[in-house]
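A quick write-up on the structure given underneath.
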Amino acid sequence: MEKKTYTEKFEELTKIVKELERGDIAIDEMTIKIQKALVLVEECKQTLTTINEDVSLIREKINNSYE
């Protein structure tokens, strides 16, 4: 299975939210879409946390190199 990028996940999440807002989702699909949205939110959150940690490490290395 191909791993989706952060951007692809975010775009899919945005699409689901818009469908929910417009009421474009059949009631039978709504639970599935909401569950998928929750998974996407968690995956995006994890990606952002990882990026934040990476940036912090890089900043620390840069600061340490100037000491």
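The values are calculated or read from the model by the stated rules, or taken from the named source; none is laboratory data. Note that the structure is a prediction, hence the values are computed from the model and not measured. Glycine also receives a Cβ, built like all others from the backbone with ideal geometry; neighbour counts cover every protein chain displayed.
Structural remarks
- Cβ pairs under 6 Å, 6+ apart, first in the range 26-53 and hydroxyl-bearing (Ser, Thr, Tyr), second surrounded by 11 or more Cβ atoms within 10 Å (Cβ to Cβ): Thr47/Tyr6
- Verdict on Glu42 being modelled with pLDDT under 95 and exposed (fewer than 13 other Cβ atoms within 10 Å of the Cβ): no
- Screening the range 1-39 for residues that are out of contact with any helix residue (DSSP H, G or I) (no Cβ under 8 Å at 6 or more places or on another chain), of a type outside the set (D, E, K, R) and not in a helix (DSSP H, G or I) and picking the one that is modelled with the highest pLDDT gives Thr5.
- Test set (1) touching a residue at least 24 places away in the same chain (Cβ under 8 Å); (2) hydrophobic (A, V, I, L, M, F, W, C); (3) out of contact with any Cys (no Cβ under 8 Å at 6 or more places or on another chain) - Phe10 fails condition number: (3)
- Positions within the range 1-23 being among the charged types (D, E, K, R) and loosely packed, with under 10 Cβ neighbours inside 10 Å, in sequence order: Glu2, Lys3, Glu21, Arg22
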